[in-house]
Amino acid sequence: MGAQSDSGGSYAVAVIGGATAGAEVAGRLAARGVQVTVFEQNPRPYGKIEDGLPRWHVDLRRKEYETIGGKLTQPNVAFVPNTTVGRDVGFAELARDWGFNAVVLANGAWRDRPVPVEGADDFLDRGLVYQNPFIIWFNHSQEKDYAGPTFELADDVMVLGGGLASIDVVKVLMLETARAKLAERGIEVPMLELEVKGIPRTLAKHDLAWEDLGLAGCTLYYRRRAVDMPVVEIPEGASEERRAKMANARRKLLDKAMDKYRFRFEPLSAPDGLVVEDDRLVGLRFRRTRIEDGRVIKTDETFERRGAYVISSIGSIPAPLEGIPMQGELYAFQDWDIGRLDGFPTAFAAGNVITGKGNIVASRKHAAMVSELLAERFLGLSGGHEGEEEIVDAALAQARALADAVSEHLQAAEPLDAATLEGVLTRVRERQEAVGYGGDYDTWIAAVTPPDLE
């Protein structure tokens with residue numbers, strides 16, 4: 001299908017979000033001749049690649065920056081940065097009034113799932129920290145002009161989680177606190193070197209042991225068991241033998257990560273209450289759980305733990321958009337495979353906005369299974385990160401399928417006549433001018449990228 005239909009008309013699609021999934025959909029549709037406009041909330045369209053993947057994923061981040069840029073500079077793609085749908089442009093307005101044949105939601109999952117304890121958010125930045133701003137800070141804290149929230153790295157931090165993103169959080173804490181202790185001894189170790197070699201190996205190089213640093217280490221609290229951690233996917237319909245092997249692979253991965261980065265792990269622990277002193281969160285009361293038929297069952301046993309502060313990494317969910325009904329924490333999709341919404345027959349969705357997960361690895365049934373080897377590479381447990389780019393390919397599976405679904409929708413839709421298409425493109429140019437975007441992607445990216453961005 002090309003830009004021109006058999007009747008001489010054209011098709012135009014809006015994509016909300018320019019990162020991995022959005023760029024994939026945009027590139028595939030543009031290659032078929034569709035006029036695509038990508039609305040991006042940030043100056044740069046890299047999403048979780050820039051702000052979710054910790055900066056030790058150097059090669060993967062750079063490769064994806066180039067890949068995304070290549071897709072957004074294709075003919076038929078218009079890029080509109082610094083535009084948040086729901087604030088700068090209404091979603092219903094975009095879907096119904098601008099003239100687009102279809103709108104694709106690829107705006108990701110940026111809102112941290114709240115800590116499930118009443119009153120916990122009252123202590124935000126007073127003992128409670130959420131994962132998304134913490135990792136954004138870590139990724140940009142080396143930049144001279146960084147002006148976002150800042151966080152103090154400390155020993156003995158409590159981390160709530162259980163997925164890959166929570167392991168990223170504990171790695172940040174352990175790497176940076178260990179580096180600080182080594183620096184006190186006059187030993188400067190680059191973060192990237194420490195991440196690859198691991199803490200014990202690095203210490204041994206300097207005739208030191210872990211105990212010499214005087215660190216307690218952070219602790220990861222998980223409401224399930226190590227064998228339940230979704231770091232390796234178990235295929236649907238797997239035999240009991242296969243499931244047991246994959247569960248054992250999960251445990252081994254956690255053991256390797258704990259050995260290499262020296263954090264602690266407390267399973268079967270669900271947050272149940274707050275420990276507050278001097279109007280600050282200083283710990284949590286946990287309720288011990290057990291697992292029955294895959295379900296978390298809370299027991300009568302409780303216990304308290306204290307720490308420097310709490311980082312919650314229990315998941316990311318889509319931010320609400322005015323006009324889109326919610327089903328719990330997610331958008332109320334009628335069709336979860338391609339993200340169809342009641343009342344918006346031209347709307348589709350791709351990526352983490354569908355899954356309600358903020359990590360590029362997680363994509364429910366839409367993504368290929370993440371193998372033990374691939375998870376090891378991603379976590380830096382196999383001596384480095386070579387080959388980890390395959391994990392992005394897995395996360396793109398649903399975006400590719402969605403591009404085909406949108407193409408089928410367009411084939412059945414009335415094409416836009418020349419006047420309507422020009423009206424769409426005029427509104428796009430007006431928005432680009434409003435944010436100071438001159439129309440050349442490479443020039444814009446060069447201007448808005450800090451010279452010290454890692």
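The values are calculated or read from the model by the stated rules, or taken from the named source; none is laboratory data. Given the structure is predicted, the values throughout are model-derived calculations rather than measurements. Positions of Cβ are backbone-derived with ideal geometry, glycine not excepted, and every protein chain shown enters the neighbour counts.
Only one residue in GLY22, GLY17, GLY27 is at positive phi, under 24 Å from the mean Cα position of the chain (by Cα) and either surrounded by 17 or more Cβ atoms within 10 Å (Cβ to Cβ) or of a type in the set (A, V, I, L, M, F, W, C) (or both). Which one?
After applying the criteria, what remains is GLY17.
Condition check ((1) over 23 Å from the mean Cα position of the chain (by Cα); (2) in contact (Cβ under 8 Å) with a residue 40 or more places away in the chain; (3) under 27 Å from THR299 (Cβ atoms)) across all residues:
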residue	(1), (2), (3)
GLY237	yes, no, no
GLU240	yes, no, yes
LYS245	yes, no, no
ALA249	yes, yes, no
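Given the stretch 75-178, what strands (runs of 3 or more DSSP E) lie entirely inside it while holding 1 or more residues that are touching a His at 6+ places or on another chain (Cβ under 9 Å)?
Where strands (runs of 3 or more DSSP E) fall fully within the stretch 75-178 and carry at least 1 residues being touching a His at 6+ places or on another chain (Cβ under 9 Å), they are 102-105.
Filter the stretch 311-326 for residues that are outside any loop (DSSP other than H, G, I, E, B) and surrounded by fewer than 24 Cβ atoms within 10 Å (Cβ to Cβ) and give the result.
Matches in the stretch 311-326: ILE317, MET326.
Of (1) buried (at least 19 other Cβ atoms within 10 Å of the Cβ); (2) within 24 Å of the chain's Cα centre (by Cα); (3) closer than 28 Å to ASP122 by Cα, LEU284 satisfies all except one. Which?
Every condition holds for LEU284 apart from (2).
Mind checking whether some residue in the stretch 185-193 is crowded, with 16+ Cβ neighbours inside 10 Å, within 23 Å of HIS206 (Cβ to Cβ) and not assigned by TED's automatic domain parsing to the domain that holds ASP59?
Yes, because at least one residue in the stretch 185-193 is crowded, with 16+ Cβ neighbours inside 10 Å, within 23 Å of HIS206 (Cβ to Cβ) and not assigned by TED's automatic domain parsing to the domain that holds ASP59.
Considering only residues that are within 24 Å of ASP112 (Cβ to Cβ), at pLDDT 95 or above and not small (Gly, Ala, Ser), which ones fall in the stretch 1-48?
ILE16, PHE39, GLU40, GLN41, ASN42, PRO43, ARG44, PRO45, TYR46
Restrict the check to the stretch 126-148 and report whether at least one residue is of a type in the set (Gly, Ala, Ser), in contact with a Leu (Cβ under 6 Å, 6 or more places away or on another chain) and either touching a residue at least 24 places away in the same chain (Cβ under 8 Å) or surrounded by fewer than 23 Cβ atoms within 10 Å (Cβ to Cβ) (or both).
Step one: list which residues in the stretch 126-148 are of a type in the set (Gly, Ala, Ser), which gives 127, 141, 147-148.
Then keep just the ones that are in contact with a Leu (Cβ under 6 Å, 6 or more places away or on another chain); that gives 127.
Filter once more, so that each one left must be either touching a residue at least 24 places away in the same chain (Cβ under 8 Å) or surrounded by fewer than 23 Cβ atoms within 10 Å (Cβ to Cβ) (or both): 127.
Scanning the stretch 126-148 turns up at least one residue that is of a type in the set (Gly, Ala, Ser), in contact with a Leu (Cβ under 6 Å, 6 or more places away or on another chain) and either touching a residue at least 24 places away in the same chain (Cβ under 8 Å) or surrounded by fewer than 23 Cβ atoms within 10 Å (Cβ to Cβ) (or both).
Looking at (1) within 15 Å of GLY161 (Cα to Cα); (2) hydrophobic (A, V, I, L, M, F, W, C); (3) out of contact with any strand residue (DSSP E or B) (no Cβ under 7 Å at 6 or more places or on another chain); (4) in a helix (DSSP H, G or I), find the lone condition where ALA247 falls short.
Going through the list (1) within 15 Å of GLY161 (Cα to Cα); (2) hydrophobic (A, V, I, L, M, F, W, C); (3) out of contact with any strand residue (DSSP E or B) (no Cβ under 7 Å at 6 or more places or on another chain); (4) in a helix (DSSP H, G or I), ALA247 breaks only (1).
Only residues that are hydrophobic (A, V, I, L, M, F, W, C) and assigned to a loop (DSSP other than H, G, I, E, B): list them for the stretch 54-74, please.
TRP56
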